[in-house]
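Undergrad: Before I ask anything, let me first share the structure, which is written out below as structure tokens.
Read the figures in this text as sums done on the coordinates, not as results from a lab. The shown structure was predicted, so the numbers you read here are calculated from the model rather than taken from an experiment. With ideal geometry, Cβ positions are generated from the backbone for all residues, glycine too; neighbour counts draw on all protein chains shown.
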Amino acid sequence: MYSADVLDLITSLEAKECDDCGKKEVEWASVKKGTVICSECFCFHSYLGPSVSYLRHLRKSAWDEEHIRLVHALNASNTNMIWESALYEGSTKFRKPEPQDPSHIKEQFVKEKYEKMTFQPKRGKDEDVENSLNRQLIACARSDFAHVTLR
Ligand SMILES: [Zn+2]
């Protein structure tokens, strides 16, 4: 029912590691963030509600082809590094969870990352990252994904 290239996108996303904890069994995507996540992190995302994290199962959900293309495009451009910017700057006390970490560590990380947006670049603090984010948002807005991005 999907075109072959869409199936290829799904397969390539399944081969990634969880963008939140690094686990190798990715099953879900947070569509507007462009992140792919494991079934454990999915639980923590689902607590946040769809306005924070709009979730689709890579295989079991019925995808709009535009949405899976958006996830793939954002994921391929390492958008996750923007959501976790402070971790790379070393400007936060948090660390990225690892697959074997206990659930409460992962749950807190997901909440900080997606709901509180603790790790995103602060305005004016890091011009390069901010410009990179702006460039990506502008690129999305100009693309066919505009109605998805701006929803
Ligand atoms: Zn995970």
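Undergrad: Rank by packing, highest mean first: peptides 80-86, 92-98, with packing defined as the count of other Cβ atoms within 10 Å averaged across residues. Walk me through the numbers on the way to the answer.
TA: Working: 80-86: 20.3, 92-98: 13.6.
Most protected by this proxy first, the peptides run 80-86, 92-98.
Undergrad: Could you list 72, 104, 57 in order of exposure, starting from the residue whose Cβ has the fewest other Cβ atoms within 10 Å?
TA: On the way: 72 20, 104 9, 57 13.
With the fewest neighbours first, 72, 104, 57 line up as 104, 57, 72.
Undergrad: Around residue 83, what is the net charge, scoring Lys/Arg as +1 and Asp/Glu as -1 over all other residues with Cβ under 9 Å from its Cβ?
TA: On the way: positive: 33, 113; negative: 19, 84.
For residues surrounding residue 83, the net value is 0.
Undergrad: Taking K and R as +1 and D and E as -1, what net charge do the other residues with C-beta under 12 Å from the C-beta of residue 3 add up to?
TA: On the way: positive: 69; negative: 5, 8, 65.
Value of the local net charge: -2.
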